[in-house]
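Structure record follows, encoded as structure tokens.
The values are calculated or read from the model by the stated rules, or taken from the named source; none is laboratory data. As the structure is a computational prediction, the values presented were derived from the model and not from experiment. Glycine also receives a Cβ, built like all others from the backbone with ideal geometry; neighbour counts cover every protein chain displayed.
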Amino acid sequence: MNESMLGIINATYDFSSLQALTQHRSLAALPFGGRYRLVDFMLSNMVNSDIHSVAIFTGHKNRSLMDHLGSGKQWDLDRKRDGLFVFTPNSQGDNEEFGSFSHIARNMDYFLRSKQKYIVITNCHIVAAMNFKPILRRHIEAEAAITEVLHDGQSLQTYIMEKDLLLDLFHQYKDKGFHSLIDVVKEQCSTLCSHKYEYDGYVAIIDSIESYYKHSIEVLKPEVWKQLFMTGEPIFTKVKDQPPTRYGKEAKVGNSMIANGSIIEGQTDNSIIFRSVKIGKGSIVRNSIIMQKSQIGENCVLDGVIIDKDVKIEDGTILTGTAEVPYVVEKGTVQGALMNS
């Protein structure tokens, strides 16, 4: 039985509620969990499911995503056959969404040349350690045309079907007024012989600042961390060779995830600290997310804060947010004590 799968990741989502963090990057490239990007999770899931050909359809603002993905080597997708394919949008289109018939048509050769029988379509903003092989087996056993993956009854906008069916739907509906092929797939889920697969593992859907903050801090819980990173199926990411984190004599760390290359001279509690972050003496960081290469001065207090990359927090600055309304500092900016007084 041919159970080979082709992987498709929709990396065109751009939620307005995440604008403060996605103004300079695509959602797929949003840092998560101390060392990863959101796209790493579904991309790794596909590799762990023995999917050797993966296409990522991107939107605009994709420079950081392209830099992160490179040739696909970190995911063992730099292959002579199959491998990683990144399809960018039409430069003339302002908001070309994934699944639009023109987007599919321009890259039709990818589908026609692929020899895999089945296709998995998913998106870039789901954090989970999900293996698609048992889902495919259930799909085949149910003799379904389309299998839709749910979590707690909510659609994850993840589908399995035969590649030929997807192409048939394309040719059948491309001139019938539908916005995109994905709209067709959603409609066919209710009319064709479809199957619902309830995934019972951990799932985080990142579609707002609040959900990003909530699920980032949630990773610090052992039961969540184990479901994502201790399943025996690793989450791969771009490797950066940096020295271990250095801790000062007065440093205090409690329930925090701290990536390599950082310098911690102050106190962190219940926080996610990315690579190459410096926290100065006398500073306290609680319930916060500090992204790469940000510099926290001395005697600062940060609580309920999301600090994007390359931010400088000057000495004596106090920034406070909540779980419902985190305080966000945008990439590359400077925050000082006088600015917030």
Name, by its number, the condition in (1) under 30 Å from ASP200 (Cα atoms); (2) surrounded by 18 or more Cβ atoms within 10 Å (Cβ to Cβ); (3) without any contact (Cβ under 8 Å) to a residue 60 or more places away in the chain that does not hold for MET230.
-> (2)
Out of (1) among the β-branched types (Val, Ile, Thr); (2) in contact (Cβ under 8 Å) with a residue 60 or more places away in the chain; (3) closer than 30 Å to LYS293 by Cα, what's the single condition that is false for THR22?
-> (2)
So GLN74 clears everything in (1) surrounded by 20 or more Cβ atoms within 10 Å (Cβ to Cβ); (2) of a type in the set (S, T, N, Q); (3) at pLDDT 90 or above except one condition, right? Which one?
-> (1)
Right, ILE217: more than 26 Å from MET46 (Cα to Cα) and of a type outside the set (S, T, N, Q) or not?
-> no
Residue among LEU156, LEU136, LEU181, LEU192 that alone is out of contact with any strand residue (DSSP E or B) (no Cβ under 7 Å at 6 or more places or on another chain) and closer than 24 Å to SER4 by Cβ = LEU181
So GLN188, is it at pLDDT 75 or above and surrounded by 18 or more Cβ atoms within 10 Å (Cβ to Cβ) | yes
Residues in the stretch 233-256 that are surrounded by 14 or more Cβ atoms within 10 Å (Cβ to Cβ) and either without any contact (Cβ under 8 Å) to a residue 12 or more places away in the chain or touching a helix residue (DSSP H, G or I) at 6+ places or on another chain (Cβ under 8 Å) (or both) total 5
State whether one or more residues within the stretch 27-47 are at pLDDT below 95 and of a type in the set (Val, Ile, Thr).
-> no
Sort through ASN270, ASN260 and tell me the only one that's surrounded by 13 or more Cβ atoms within 10 Å (Cβ to Cβ), polar (S, T, N, Q), in contact (Cβ under 8 Å) with a residue 12 or more places away in the chain and within 27 Å of SER64 (Cα to Cα).
-> ASN260
